[in-house]
Each structure stands twice: as C-alpha cells, then as structure tokens.
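Each remark here refers to the structure printed beneath this line.
Readers should treat all values here as calculations from the given coordinates under stated rules, not as data from a laboratory. What you see is a predicted model, and the numbers here were worked out from it, not measured in a lab. Here the Cβ positions follow ideal geometry from the backbone for every residue, glycine too, while neighbour counts run over all protein chains shown.
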Amino acid sequence: MKAIRFHAAGGPEVLKLEDVELSAPGKGEVRIRHTAIGLNYIDTYHRSGLYPLPLPSGIGLEAAGIVEEVGEGVSHLKAGDRVAYGAGPLGAYSEQRNAPASRVSKLPDAIDDQTAAAMMLKGMTVRYLLRETYEVKKGETILIHAAAGGIGLIAGQWANALGVTAIGTVGSEAKADLARAHGYAHIINYAKEDVAKRVREITDGAGVPVVYDGVGQATMAASLDSLKPRGLLVSFGNASGPVRNFDLGILSAKGSLYLTRPTLMTYVASDAALQANVADLFDMVASGKVKIEVNQRYRLADAARAHGDLEARKTTGSTVLIP
C-alpha cells in the first residue's frame, strides 16, 4: 500500500508518497482501510522537527475508514465496521494501516467518514479544553484565538451549546463571517483591532477567566492582557511559533495569572478517558449542536501542498486527505 513518509525534518517538500509493506494485524490490533484522513497543525510540528520523531517516519494522527481484518483478542470490532480515531499512533497518512483496537472508535450511522476524519482530533481537543482543562460555565465569557480554524469553529459551537459567550479572533472579514456563523457572539479582527483592548470593552473592563490560545508566540501578550486576575491562559498550540524564554514574573505582574500548556495525548492517555471523550464528541455532533465544516479536500498524494496551504493560513475549518 502507499503511505506518506519523510526521511528528514523540514518543509512540506520532505513529504513523499512511498510504497510500504503492511503485515497482518497483531494481537489487539485492527487493519483499517482509510477512506478519509484528517489534516492537523500538529502534523506540521512533526514534519518540521518542532516535535522531533525518529526518522524515517510516517505522519498523521487522525482518520476514518473500514475495518478489513481484526487481530487476536479483538472482540468489540469486526471486519466491515466503520471506525475512526484521532489520537494516533502516527501513520494516518496512508491507504491502510494497523492500529491498536482500543484506540479506535466505531462510528455511529449519523456521522459520515469525511466528517469523522475531520473532527476526531480537533473535536477531542475542544472537549478536553472546554470540559477539563478549564470547565467553562454557563454565563461566562471566554476568548478563543483562530476562531475560523478547525478547532476554532468547533469550539465556538460547543461553547454556545453550553451557554457560554465566546469571543473569537480572526485575521480577515471573510473569516469573521465564518466564525459568527459558528457560535461566536463577538469577533475581533486582529489585523485591525487591539485584541486585549476590545476584550476589555466587551467585558466592561473585567477581562475573561480563560483564554484558549493555539497560536503561540504572536498572541501571547494579547492573551495575558485579556485575562481577569487569577485567570488562566491555556496555550495549546504554536501555529505562529513556540513561546520561548517566558518570564514567570509576568504572571504575577498581570494579576496572579495561571498558565498551562496541555496536550490531548495526556488527557486521553488511558483507553477509558479516550472513549469517554469520544462518546461526548459523538453526542455533540450527532445532535447537530456542533457541525463540522470540511472546507478543503486534497488527494493523499498532495499532502505537501495541503501542509503548505495550512501553514500559509489559506484554509478554514477542517481539511481532509482522500486516499
């Protein structure tokens, strides 16, 4: 079968479509024929070396497909089942793969394959952010950066469903319209407006109890300045580059603030935690409270172009690769 692999860290051009031998699934594994594969910003961190991997390596953490064969000891899945996964292991950019059955979830009929591939990692991320890292409460006002991105569009809808007022940041009027249509009560165009100043105006000077920041270096200062005293900055991504050489004294100076750098993999480390997260996600999407926008589709062979467009901020919502 064919899979995307890379032999050295670097730009999108290091991604190559190669022939790969695939063995029968081992004990506790299932072989999945992929029908759609999710593209996520963390994939660019793996490719670039920001998150170093032993090389050569496959890439991708999220996909949907059909179970082709089950290994010894697998009882909850069978050949023909529609399934999806969003927390790895690496290797989703492939026509087929073997995966641990305990990390794979059977899809409900209400969710199609492309939607599933586009929502698993991003949706699971939103769930742990809003329900565990900081459990948002009805009536609160929160700030979410990159509101028109894949995570941002899901987060706006999920927050709205929970009775939370979401402020979102975007970089263009087109993205502002998209975010408004997905649950955001207030939009700040960071290309034209001072983010922290607008947050203060929206909250009558109070600031917000939590900021969800997947952008990183470019938004760090505005995020901190948008928080109320003892507020929490959740820095969960580095789309603009990682935050380096951070002075902890800033947290005290700006009001005894809290800062955390969580990852999905920690929150779904156990199989039970993963399946609880997925069950909540499936319920939200199947109910219609959260709709998944698949706004870009690329062939698997064009993974390098997809990475380039993602990093150039040419995409909105979710993107899938089609084997």
(message) Give the separation of the Cα centroids, region 13-58 to region 78-121, in Å.
(response) 13
(message) I'd like the Karplus ³J(HN,Hα) series for region 134-144: coefficients 6.51, -1.76, 1.60, θ = phi - 60°, whole numbers in Hz, and an x wherever there's a Gly or Pro.
(response) 9, 7, 5, 10, 3, x, 6, 10, 10, 10, 10
(request) Give the value in nm², to one decimal: projected area of the alpha carbon convex hull of region 162-315, averaged over all directions. (result) 11.4
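Magnitude of the Cβ-charge dipole of region 68-198, K/R +1 and D/E -1, about the Cα centre, nearest 20 debye?
In total the dipole reaches around 500 debye.
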(request) List, in order, the whole-Hz ³J(HN,Hα) value for each residue of region 21-31 obtained from phi through the Karplus relation with A = 6.51, B = -1.76, C = 1.60 and θ = phi - 60°; use x for Gly and Pro. (result) 7, 10, 7, 5, x, x, 4, x, 10, 10, 9
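Within region 235-323, report the trypsin sites (Lys or Arg not before Pro) that DSSP leaves as loop and that have at most 11 other Cβ atoms within 10 Å.
Details: sites: ARG244, LYS254, LYS289, LYS291, ARG297, ARG299, ARG305, ARG313, LYS314; in loops: ARG244, LYS254, LYS289, LYS291, ARG313, LYS314.
Qualifying residues, ordered by number: ARG244, LYS314.
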(request) Principal axes first, then extents: for the Cα atoms of the chain, list largest minus smallest coordinate on each axis, whole Å, largest first. (result) 60, 40, 35
(request) Quick one: among VAL14, VAL208, VAL136, which has the greatest mean-square fluctuation in a GNM of the chain with alpha-carbon springs under 10 angstrom? (result) VAL14
(request) Report the label-to-label distance for SER48 and ALA218 in nanometres (one decimal), using points 7 Å from each Cα along the Cα→Cβ vector. (result) 1.1
(message) Among ALA181, ALA222, ALA253, which one shows the highest mean-square fluctuation when the chain is modelled as a Gaussian network with alpha-carbon springs under 10 Å?
(response) ALA253
(request) Measure nothing but the geometry: give the 0 to 90° angle between the long axis through the Cα atoms of 150-161 and the longest principal axis through the Cα atoms of the chain, rounded to 10°. (result) 60
(message) Need the list of lysines near LYS291 for cross-linking: C-alpha distance under 23 angstrom, and skip anything on the same chain fewer than eight residues off.
(response) LYS106, LYS122, LYS137, LYS138, LYS175, LYS314
(request) Choose one of LEU224, VAL234, ASN277: the residue whose Cα lies farthest towards the positive end of the charge dipole of the chain (beta-carbon charges +1 Lys, Arg; -1 Asp, Glu; about the Cα centre). (result) LEU224
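Answer rounded, prolate or oblate for region 72-118, using the Cα gyration tensor with square roots of eigenvalues a ≥ b ≥ c: rounded when a/c is under 1.5, else prolate when a/b is larger than b/c, else oblate.
Working: a/c = 1.78, a/b = 1.09, b/c = 1.64.
Verdict is oblate for region 72-118.
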(message) Please list 3J(HN,Hα) in residue order for region 229-245, calculated via the Karplus relation 6.51 cos²θ - 1.76 cosθ + 1.60 where θ = phi - 60°; whole Hz, with x for glycine and proline.
(response) x, 6, x, 10, 9, 9, 9, 10, x, 9, 4, 9, x, x, 7, 10, 6
(request) List the residues whose amide H sits under 5 Å from the amide H of GLU69, counting only those 5 or more places along or on another chain, with H placed 1.01 Å from N in the peptide plane. (result) ARG31
(message) Using +1 at the C-beta of Lys and Arg and -1 at the C-beta of Asp and Glu, which of VAL70, GLY80, VAL136 has the Cα lying farthest in the positive direction of the dipole of the chain?
(response) VAL136
(request) Specify the residue with the greatest mean-square fluctuation among ALA286, ALA36, ALA304, computed from a Gaussian network of the chain linking alpha-carbon atoms under 10 Å apart. (result) ALA286
(request) Would you work out the charge dipole size for the chain about its Cα centre, treating the Cβ of every Lys and Arg as +1 and the Cβ of every Asp and Glu as -1, and quote it to the nearest 20 debye? (result) 460
(message) With angles folded into 0 to 90 degrees, how steeply does helix 271-286 sit against the dominant principal axis of the chain? Use alpha carbons for both and round to 10.
(response) 70
(request) Could you work out how far the C-alpha centroid of region 303-320 sits from that of region 123-150, in angstrom? (result) 22
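Output the relative contact order of the chain, whole-number percent, from Cα pairs under 8 angstrom with separation of 6+ residues. List each step's numbers first, then the result.
On the way: 728 pairs, mean separation 58.6, N = 323.
Relative contact order comes out at 18 percent.
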